[in-house]
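Asks: Got a structure for you, questions after.
Just so you know, all these numbers are worked out from the coordinates, no wet-lab data involved. Because the structure is predicted, anything quoted here is derived from the model rather than measured. When we count neighbours, we look across all protein chains shown, and the Cβ atoms used for this are built from the backbone with ideal geometry, even at glycine.
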């Protein structure tokens, strides 16, 4: 038995990336009108510049829609060399507001899986992003009551997990993390002696993700979808701490 | 003895409002160039419109600099009827980035007060705003080590305090909150059976704030500055829970 089973939220329990994809499509459509001579690669160029702007601003803005909005505006000014109109900047803000208003759509199998696991285990939500937006999504999701603990964090590093374990007095070996990001949900937990279940958001990503080195890591599992989690939890047990030495 | 003494951060431990005041002054200077015929009340009109925009967006953006930046941009577009240039929008973003980069300046008496109280009590920080920005400020402040617990919240309502007390198993009667906001730091705590110390940010606000009804509330204290807190803590004790019936 694990003391705590923790879940990532964005693209593990509810759809999130799709909101960014749709927003970027609207953003590109808006900017292309300013770049008539830019040729067939203009859309890719916009996308790449936006990504660079986001990466450059990440240490100041952190994750979430508000920082994404500010980076879209900055990118628009840069790519149009300041020619973008006030009205179109307002349209970019409205794209971000639509994201903040978007309905929460759960992935398949989320509700029955949480219902089942919460009968036997303490469940925790660990999600990063804007505090208010994540709280809104959790409230709207209808699944908040399955979680005994909720942690909204600015990043998911080794220090983040260590701090959570200290706070709740959880032994890493008795902690299982479930999420769609190898970087945020799996690697820090596994390298610190916990266990993690990787559930890629798109099944097409599955094969890429199971590089040999990763699947050979003790305490690491991969599933096709969340509905398979209760059966896995029955098979595995907390890590023998000796194995981690 | 209290189980926990909790502190607000912005304008209780470090200066914050001054950053917004300076940013608004730059913002007004920038917009006034677009409004040459607006007369002597133009600055007040800009301020009022910004405040309205912020209030309207608060339920989506929450507290913090990123939402403030987006509201400044929206206000600029509205007041210039879309005439604001891309370069000036970028200047507004740069104002916000300067806020995010600003050095943390502690109020007077903060460090010795926390050093003294942390010898005898568990201290907690409860602050609202952008997650990453508040974490950065705490890290840069040099006072993080005095706090056993840190809570960054999206708002400070009755529910917020209740949730924190539940999480750490704190009895409200044994909890003391210290802050500069009657609305966020004092009233919710006192009405739920805790105690609170109100320390107005500007001493000139002090007299306004001590309305009779408030100072008559059991469990409510007011101090001129944080340096007076250790002496107060020695005089008062956790509330008799009967008194709260």
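Asks: How would you classify the protein assembly as shown from its alpha-carbon gyration tensor, with a ≥ b ≥ c the square roots of the eigenvalues: rounded for a/c under 1.5, else prolate if a/b is greater than b/c, otherwise oblate?
Replies: Working: a/c = 2.09, a/b = 1.02, b/c = 2.05.
Oblate shape, in that a/c is at least 1.5 and b/c is the bigger or equal ratio.
Asks: Defining a contact as two alpha carbons under 8 Å apart and six or more residues distant in sequence, what relative contact order in percent does chain B show? Working shown, then result.
Replies: Details: 335 pairs, mean separation 59.3, N = 245.
Reported as a whole number, the value is 24 percent.
Asks: Using the basic label-point model (7 angstrom from Cα toward the beta carbon), what is the residue A:120 to residue B:225 distance in nanometres?
Replies: The two pseudo-label positions are separated by 6.1 nm.
Asks: Continuing with the same structure: Within 10 Å of each Cβ in B:142-155, how many Cβ atoms from other chains are there, averaged over the peptide?
Replies: Values: counts 0, 0, 0, 0, 0, 0, 1, 1, 2, 0, 4, 4, 8, 3.
Going residue by residue through B:142-155 and averaging, the value is 2.
Asks: Then there's this: Once both labels are modelled 7 Å past Cα along the beta-carbon direction, what's the residue B:48-residue A:167 spacing in nm?
Replies: Going by the 7 Å Cα→Cβ label model, 4.3 nm.
Asks: Now for a different question. Starting from a label point 7 Å past Cα on the Cβ side, list the distances from residue A:116 to the same position in the other copies, nm, shortest first.
Replies: Counterpart label points of residue A:116 in the remaining copies fall at 5.9 nm.
Asks: What are the distances, in nm and sorted shortest first, from the label point of residue A:22 to the label points of the same position in each other copy, with each label point placed 7 Å from Cα along the Cα-to-Cβ direction?
Replies: 4.1
Asks: Give the angle, between 0 and 90 degrees and rounded to the nearest 10, that separates the Cα long axis of helix A:17-32 from the longest principal axis of the Cα atoms of chain A.
Replies: Roughly 10 degrees, rounded to the nearest 10.
Asks: Now for a different question. So between residue A:35 and residue A:159, what do we pick up on full extension, going 0.36 nm a residue minus the alpha carbon distance? Before the final figure, lay out the partial values.
Replies: Details: separation 124, 0.36 × 124 = 44.64 nm, distance 4.41 nm.
Here the segment from residue A:35 to residue A:159 would lengthen by 40.2 nm.
Asks: For A:58-69, what's the mean count of beta carbons from other chains sitting within 10 Å of each residue's beta carbon?
Replies: Details: counts 1, 3, 11, 9, 7, 2, 4, 4, 11, 4, 1, 6.
Partner-chain Cβ atoms within 10 Å, mean over residues of A:58-69: 5.
Asks: So, R0 is 25 Å and r is the distance between the beta-carbons of residue A:237 and residue A:106; what FRET efficiency does that work out to, to 0.05? All intermediate terms of the calculation are to be shown ahead of the outcome.
Replies: Working: r = 29 Å, r/R0 = 1.14.
After rounding to 0.05, the efficiency reads 0.30.
Asks: In chain B, what percentage of the DSSP-assigned beta bridges are antiparallel, given to the nearest 5? Could you put the intermediate results ahead of the total?
Replies: Values: 1 of 22 bridges.
Just about 5 percent of them are antiparallel.
Asks: Using only atoms on other chains, find how many Cβ atoms lie within 10 Å of each Cβ of peptide A:80-86 and report the average. Before the final figure, lay out the partial values.
Replies: Values: counts 1, 2, 6, 2, 3, 6, 15.
Counting Cβ atoms of other protein chains within 10 Å of each residue's Cβ and averaging gives 5.
Asks: Got the residue A:80 label distances to the other copies yet, label 7 Å along Cα→Cβ, in nm, shortest first?
Replies: Label point to label point, same position, other copies: 1.2 nm.
Asks: Right, another one. Quick check: the angle from helix B:65-79's long axis to the longest principal axis of chain B, C-alpha only, nearest 10 degrees?
Replies: Helix B:65-79 sits at roughly 30 degrees to that axis.
Asks: Sort out for me the Cα centre separation of the range A:53-67 from the range A:169-185, rounded to whole Å.
Replies: Result: 24 Å between the Cα centres.
Asks: Share of antiparallel DSSP beta bridges in the protein assembly as shown, in percent to the nearest 5? Mind dumping the intermediate values first?
Replies: Numbers: 2 of 44 bridges.
So the antiparallel bridges amount to about 5 percent of the total.
Asks: Which residue in chain B puts its Cβ closest to the axis that rotates chain B onto chain A, and at what distance in whole Å?
Replies: B:66, 2
Asks: Relative to the first principal axis of the alpha-carbon coordinates of chain A, what is the inclination of helix A:42-61, with its axis defined by its Cα atoms, in degrees from 0 to 90 and to the nearest 10?
Replies: 60
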